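Input: a single structure, listed below in structure tokens.
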Amino acid sequence: MYFDSHAHLDDARFQPDFDDILARMRENGVTGMMNIGCDLPSSERSIERYDWIWAAVGSHPDDADHVDEARIARYRALCQNPRVRAIGEIGLDYHYEDIPREIQKTAFRMQLALARELSMPVVVHEREAHEDGMRIIDEFPEVKGVFHCYSGSLEMAKELVKRGWYIGFTGVITFKNARKAVEVAEWLPLSRTLIETDCPYMAPEPFRGRRCDQSMVPQMAKKIAEIKGLAPEAVAQATFRNAVTLFRLDAAGV
Ligand code: NI
């Protein structure tokens, strides 16, 4: 039983063979999933179309220039749906800098404030913005969540765990040059570990470069098990339980 804690199954690339993907997902034991919003349309699609999938709503840093009070009000309204369990993905991405940093920071803070107001966890996308990312989450000590597709240092991972956060690993952990992610996964307590596809991106080896989907989730668990010297089932069970805890799905009967 696996939980994919970060998927974009509403992406147009899944439309042609959507039913096949669901069938293969079940064959591979993936029984839980969070579909993650990047902007308002994708956040709405998660809820409208997939009544068996949990959802996060929010604006990715690429969409930060659309985050204003009106947008926050829309996300607040979407959070009334019981399938919405988190605000995300929100955060900072300084890799391309298409959106100015100050605008990204403002959008990140506004969405963290919404999570605090609603007592909901967050799904954070943070790339090449480690210092600002940590500084801003420290402004909201009541808010917890996951740093997804983790790319930070071991030191930063320790700081996150100290604050009660989770860390999510994609197929990147299986790449030959994934030294940093491997080092973090080796140290990270299993109780703080999540696995995710980030599909359609980040397919694990031996599928690197292809469209990622849920049938590949067991590869992530297998790799983490190998790194930590555990049975793959132990990683599958723990990461499933962690997703249930973080997104408070036990209250929803999972
Ligand atoms: Ni994502």
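The values are calculated or read from the model by the stated rules, or taken from the named source; none is laboratory data. Bear in mind that the values here come from a model prediction, so they are computed numbers and not experimental data. With ideal geometry, Cβ positions are generated from the backbone for all residues, glycine too; neighbour counts draw on all protein chains shown. In case anyone asks, the SASA skips ligands and DNA or RNA and just uses the protein heavy atoms, side chains included. Shrake-Rupley method; radii C 1.70, N 1.55, O 1.52, S 1.80 Å.
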In this structure, is GLU117 in a helix (DSSP H, G or I), touching a strand residue (DSSP E or B) at 6+ places or on another chain (Cβ under 9 Å), of a type in the set (D, E, K, R) and open to solvent by 20 Å² or more (accessible area, probe 1.4 Å)?
-> no
For residues that are open to solvent by 60 Å² or more (accessible area, probe 1.4 Å), of a type in the set (A, V, I, L, M, F, W, C) and on the phi < 0 side of the Ramachandran plot, tally how many sit in region 162-218.
-> 1
Search region 126-160 for residues being within 16 Å of the ligand (Cβ to nearest atom) and among the hydroxyl-bearing types (Ser, Thr, Tyr), and hand back the single one that is least open to solvent (accessible area, probe 1.4 Å).
-> TYR150
Go through (1) out of contact with any helix residue (DSSP H, G or I) (no Cβ under 9 Å at 6 or more places or on another chain); (2) within 15 Å of the ligand (Cβ to nearest atom); (3) open to solvent by 10 Å² or more (accessible area, probe 1.4 Å) one by one and return the number of the condition VAL123 breaks.
-> (3)
May I ask you to say which residue of HIS66, HIS95, HIS60, HIS6 is closer than 29 Å to GLY152 by Cα, within 15 Å of the chain's Cα centre (by Cα), open to solvent by 10 Å² or more (accessible area, probe 1.4 Å) and not aliphatic (A, V, I, L, M)?
-> HIS60
Tally, over region 78-92, of residues that are within 18 Å of the chain's Cα centre (by Cα) and either open to solvent by 30 Å² or more (accessible area, probe 1.4 Å) or farther than 21 Å from SER153 by Cα (or both) | 7
From the residues in region 15-25 that are within 22 Å of the chain's Cα centre (by Cα) and closer than 15 Å to TYR50 by Cα, which one is surrounded by the fewest Cβ atoms within 10 Å (Cβ to Cβ)?
-> GLN15
ALA55 is checked against (1) open to solvent by less than 20 Å² (accessible area, probe 1.4 Å); (2) over 27 Å from LEU22 (Cα atoms); (3) aliphatic (A, V, I, L, M) and fails just one. What number does that condition carry?
-> (2)
